[in-house]
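Asker: Structure in structure tokens, see below.
Each value in this text was obtained by applying a stated rule to the coordinates, not by laboratory testing. From a predicted model like this one, the values you see are computed outputs, not experimental measurements. Ideal geometry is used to build each Cβ from the backbone, glycine not excepted, and the neighbour counts take in all protein chains shown.
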Amino acid sequence: MNVPSLQFLGFALVGALIFNLSGNSRWRALTLCVLNIAFFSTFLRGWVSAVPYATFLLLGYVGIRVLHVRRSTTLGILFVAATLAAFFILKRYSFVPEPMLLPYWYTAIGLSYVFFRVLHLLIDVSQDAIEERIAPLSYFNYVLNFPALVSGPIQRYEHYHRSEAPGAFPLDIFIIGHSFERIVGGFFKVTVVSSLLLMWQKSCISHLAGSAPLPMRATDLALIAGLYPLYLYANFSGYTDFVIGAARLFRIELPENFNEPFSSENFIMFWSRWHITLSDWLKTYVYSPLLLTLMRRITVTWIEPYLAVFAYFVTFFLVGAWHGQTSMFLFFGILQGGGVALNKLYQIAMTARLGRSGYQALCAVPAYRAAARGLTYTWFAFTLFWFWSNWEQLRLLASTAGPAAMVGALLLLFAAATVLLSGLAFAKARPMTGTRIFEHRYVRTVVATSLAVVTLAALVLLGGTPPDLVYKNF
Amino acid sequence: MSDAAGQPPGRKLPKRDVIVLPLLALLTVVILGAGAELFARVYWPEQEADDCMIRDPIVGSHAKPNCTALTKAAEGIWSEDRWNDCGYRALGSCVNRTDGSARIVAVGSSTGWGYLVPLEDTWFARAASTLHARCGREFDFQALGGIANLYQNMARLPQILQLHPDAVVMILSPFDIAGSNGHAFDPTLIGQPREHVERAGSHSIRAQIQAFVGASRAVLVAQHYLYQNVDFYVSGYLASGEKADYLRQPFTPVWQGRLAFVDKALEYFAAQLRSNDIPLIVVLAPQEAQAELAAGLPHPADVDPFAIGNAMARMAARDGFLFADATTAYSKASALQDMFLSVNGHFSSAGHAILADVAAATLALAEHPAGRRLCGSDTQAPLR
């Protein structure tokens with residue numbers, strides 16, 4: 001079952017109706033369990049195709065139970081290592097020896113996201129951060145929570161567990177209305193906005209010709225690079241809006257994954273606003289422990305700031321590399337880690353040169369902020385070449401455009417991003433008179449209905465199938 | 001609706017909003033629907049009725065002589081239908097004929113006279129050009145035009161003979177065959193006036209909704225794009241009832257009856273023409289779904305896109321007419337969807353080009369006496 005889709009929406013609405021028939025916690029947990037199984041089963045081809053996934057979940061639960069009874073660092077490391085190994089095997093990473101791979105088709109839908117949930121439980125239970133015993137039903141409903149199964153967001157167990165308490169996250173007509181708004185808005189972003197942006201980007205790829213004049217090649221290449229982040233944002237944030245809205249009908253508050261990422265004024269800030277639950281997870285379980293360990297072992301004072309640079313590099317290298325199993329994604333990881341590390345180095349250098357207050361004053365200069373936003377966007381767009389293409393496509397694009405057009409494209413993209421994002425920031429900071437009318441429920445009803453109609457029409461034009469979700473593949 | 005966050009507990013929706021909000025939503029849908037319809041009508045204009053056509057109780061309908069009309073399917077391009085001095089669609093007059101030219105009369109359904117396609121793009125205009133290049137003589141096609149069933153086509157035999165044709169080409173599609181009622185063919189009914197029966201309008205709500213939706217241009221546009229998804233289109237076509245059963249084997253009794261009717265009708269028509277030394281060439285023009293299936297789209301085991309063509313080939317061998325199934329030619333075409341006006345069902349200009357190739361190849365068939373006479377070694381001899 002695709003998410004988002006009308007089929008999924010119908011499934012979730014009927015499910016929510018049944019779920020909310022009774023306020024009994026047991027009823028709700030069992031209903032959610034049935035729905036999770038029903039949704040998961042739509043990705044199966046016979047029960048055998050569920051066995052590896054089920055084994056992975058069982059391994060996680062056994063680890064949690066064992067660690068709950070006997071908290072031990074060694075055991076914790078053992079279970080984390082076993083979970084990592086199982087994950088790499090099931091995801092068929094290229095470095096896993098062929099004989100270790102399972103020789104038949106099985107589902108791995110949303111396994112990357114489930115992996116983060118399981119790992120989080122194992123680590124937190126082993127470190128006493130989660131003290132209570134996790135019941136099997138609670139574990140199952142948490143790791144396999146159907147609205148967030150396919151592409152997250154990665155919710156922490158404590159947050160999920162809160163929704164299991166009687167009376168938690170009540171529903172009323174306002175919340176239901178708000179949930180529907182998010183569902184419709186998300187569906188619209190995925191179906192209409194992201195489709196149009198992808199079509200535009202693809203047409204630019206087709207249009208790019210080696211025989212075209214330099215300005216045209218540079219413009220085409222700038223559009224190819226610059227449109228993809230917008231497409232990815234519409235696609236993934238649309239999905240996130242959709243599932244957050246759907247989950248709320250089950251009295252579950254999923255965490256946000258995006259917070260105006262393109263208004264970020266540096267790359268470190270960008271990664272705290274883009275795919276927030278993933279970067280938060282890695283900051284918690286990779287960055288912080290790594291930095292602490294390094295600081296404990298290396299006590300030279302002057303080197304301390306550079307330890308953070310290294311920890312940032314490792315963390316965001318993993319963020320990038322997590323996206324796929326090919327060398328493209330490893331390079332994508334290097335560019336993410338490299339970008340964040342360079343950003344940190346720059347901050348250290350500027351603070352040393354201007355002093356903390358001097359650097360802060362510079363960061364407050366409007367022109368500097370605008371250029372920083374443009375540079376952040378341009379860097380992210382540039383790194384995404386290793387996200388959406390392959391080496392052969394990259395070679396073809398580079399040879400068609402030529403070095404001059406590539407440099408021109410980056411400059412053009414930087415200039416355009418700087419101007420457009422500044423315009424956006426300016427408009428946001430000074431809302432026009434009368435725009436508050438858009439917050440009125442009557443206007444919001446009209447807008448949401450219009451988006452729903454346009455989305456339905458777009459679905460018809462797309463042959464009933466919504467566009468694919470990029471992050472479903474990770 | 002309001003923000004979920006920051007609302008005081010126990011908040012209530014004002015009572016009037018229970019009515020106002022759904023009404024607003026409904027009004028939005030109506031306004032957007034009307035806007036979409038207006039947009040579709042402006043950018044997808046349609047003129048399917050040919051103003052030159054007049055209804056005739058004997059031959060169905062035919063065009064007024066020396067008349068010009070404009071037609072357009074919503075999915076297609078504007079076409080100027082110029083009807084000649086006999087009321088036929090042709091590149092030239094029906095009266096004047098170049099010495100040594102071969103005259104072909106085109107009969108059959110709307111595809112036969114290139115309905116909704118500009119004259120120069122029609123299968124017969126293209127075939128004339130191809131045959132001229134191949135055979136070194138002029139080919140003068142006269143498409144009788146009009147909307148007619150097989151009885152009504154045969155009622156035009158005197159008009160056909162008046163044209164002194166060297167061959168008659170009939171274009172038939174499964175859609176045309178589905179129009180035959182399945183009764184036994186009775187030659188005494190040819191030339192008998194048939195009352196035009198207006199379809200009684202159904203007053204059921206479902207029928208009215210269907211009629212309303214069917215008349216909507218916005219729905220047509222949506223269908224057009226929906227049909228770009230070939231899997232969706234073909235599976236929908238296969239599930240569209242008995243009209244698609246010509247694709248299934250064995251043929252249903254209804255389709256067996258229809259094919260038996262066509263068999264007898266063509267046998268009779270071919271014999272009539274043969275007695276006047278005129279060969280009959282029948283070309284089967286496939287439906288879009290049939291062509292897609294023939295092109296290799298996966299399908300259930302009982303579906304055979306070539307079954308109807310094979311059945312007609314057997315008829316041809318029995319009944320003495322020359323037959324060509326254009327299904328294979330379409331199945332090999334690239335961008336098959338561009339060959340058809342998907343919702344309307346007729347061929348586009350590109351689709352006519354393929355039909356022209358099949359018709360021209362059949363007319364110039366060296367292995368057949370008709371082909372030899374039209375384009376072979378006998379060509380140099382005067383045709384009459």
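Asker: Would you give the gap between the C-alpha center of the stretch A:206-247 and the C-alpha center of the stretch A:92-118, rounded to a whole Å?
Answerer: Taking the Cα centre of the stretch A:92-118 as reference, the centre of the stretch A:206-247 is 30 Å away.
Asker: Dividing the convex hull volume of the Cα atoms of the stretch B:95-135 by its residue count, what figure in Å³ per residue is obtained? All intermediate terms of the calculation are to be shown ahead of the outcome.
Answerer: Details: hull volume 3.6 nm³, N = 41.
Measuring per residue, one finds 87 Å³ for the Cα hull of the stretch B:95-135.
Asker: Can you check what the net charge comes to around A:Gln347, using other residues whose Cβ is under 13 Å from the Cβ of A:Gln347 (Lys, Arg +1; Asp, Glu -1)?
Answerer: For residues surrounding A:Gln347, the net value is +2.
Asker: Less than 13 Å Cβ to Cβ from A:Phe258, Lys/Arg counted +1 and Asp/Glu -1: what total charge do the surrounding residues give? Don't skip to the end; give the middle numbers.
Answerer: Working: positive: A:Arg182, A:Lys189, A:Arg273; negative: A:Asp241, A:Glu256, A:Glu260, A:Asp280.
That works out to -1.
Asker: Under unit Cβ charges (Lys, Arg +1; Asp, Glu -1), what dipole magnitude, rounded to 20 debye, does chain B have relative to its Cα centre?
Answerer: Dipole size: approximately 540 debye.
Asker: Where nothing but the Cβ of Lys and Arg (+1) and of Asp and Glu (-1) is charged, how large is the charge dipole of the stretch A:144-303 around its Cα centre, in debye to the nearest 20?
Answerer: 400
Asker: For a test of the definition: using alpha carbon positions, the gyration tensor, and the 1.5 limit on a/c, classify the stretch A:157-307 as rounded, prolate or oblate.
Answerer: Values: a/c = 3.76, a/b = 1.12, b/c = 3.37.
Since a/c reaches 1.5 but b/c is at least a/b, the shape of the stretch A:157-307 is classed as oblate.
Asker: How large is the convex hull of the C-alpha atoms of the stretch A:362-474 per residue, in Å³?
Answerer: 194
Asker: Right, next: In whole angstrom, note down how far apart the Cα centers of the stretch B:321-375 and the stretch B:197-270 are.
Answerer: Rounded to whole Å, the Cα centres lie 22 Å apart.
Asker: Below 8 Å between Cα atoms, with a sequence gap of 6+, how large is the relative contact order for chain B in percent? Let's see the in-between values first.
Answerer: Details: 617 pairs, mean separation 67.0, N = 384.
Across chain B, relative contact order equals 17 percent.
Asker: Kindly give Rg over Rh for chain A, based on alpha-carbon atoms, with the Kirkwood expression for the hydrodynamic radius. Walk me through the numbers on the way to the answer.
Answerer: Values: Rg = 23.6 Å, Rh = 24.4 Å.
In chain A, Rg relative to Rh is 0.97.
Asker: Ok, one more. So what is the calculated 222 nm ellipticity per residue for chain A, using -39500 (n - 2.57) for each DSSP H run with n of 4 or more, over all residues, to the nearest 500 deg cm²/dmol?
Answerer: -22500 deg cm²/dmol
Asker: Which order results if A:Cys204, B:Cys375 are arranged by neighbouring Cβ count within 10 Å, fewest first?
Answerer: Starting with the residue having the fewest Cβ neighbours, the order is A:Cys204, B:Cys375.
Asker: Treating only the Cβ atoms of Lys and Arg (+1) and Asp and Glu (-1) as charged, compute the dipole magnitude of the protein assembly as shown about its Cα centre; round to the nearest 20 debye.
Answerer: 3020
Asker: Also, quick follow-up: Could you tell me the convex hull volume per residue, in Å³, taken over the Cα atoms of the protein assembly as shown?
Answerer: Taking the convex hull of the Cα positions in the protein assembly as shown, it is 236 Å³ per residue.
Asker: Once you average over the residues of B:15-26, how many Cβ atoms of partner chains fall within 10 Å of each Cβ?
Answerer: Neighbouring Cβ atoms belonging to other protein chains average 3 per residue here.
Asker: Less than 11 Å Cβ to Cβ from B:Glu267, Lys/Arg counted +1 and Asp/Glu -1: what total charge do the surrounding residues give?
Answerer: Residues near B:Glu267 contribute +1 overall.
Asker: Separate question: Determine the shape class of the stretch B:193-314: with a ≥ b ≥ c the square roots of the Cα gyration tensor eigenvalues, call it rounded for a/c under 1.5, and otherwise prolate if a/b is greater than b/c, oblate otherwise.
Answerer: oblate
Asker: Apply the membrane-span-like helix rule to chain B: whole DSSP H runs, Cα extent along the own long axis of at least 30 Å, mean Kyte-Doolittle hydropathy at least 1.0. List the helices found.
Answerer: Membrane-span-like by this rule: B:15-43.
Asker: Taking Rh as the Kirkwood radius computed over C-alpha pairs, what is the Stokes-Einstein D of chain B at 10 °C in a medium of viscosity 1.306 mPa s, expressed in µm² per second? Write down the numbers at each step before the final one.
Answerer: Working: Rh = 23.0 Å.
For the chosen part, D equals 69 µm²/s.
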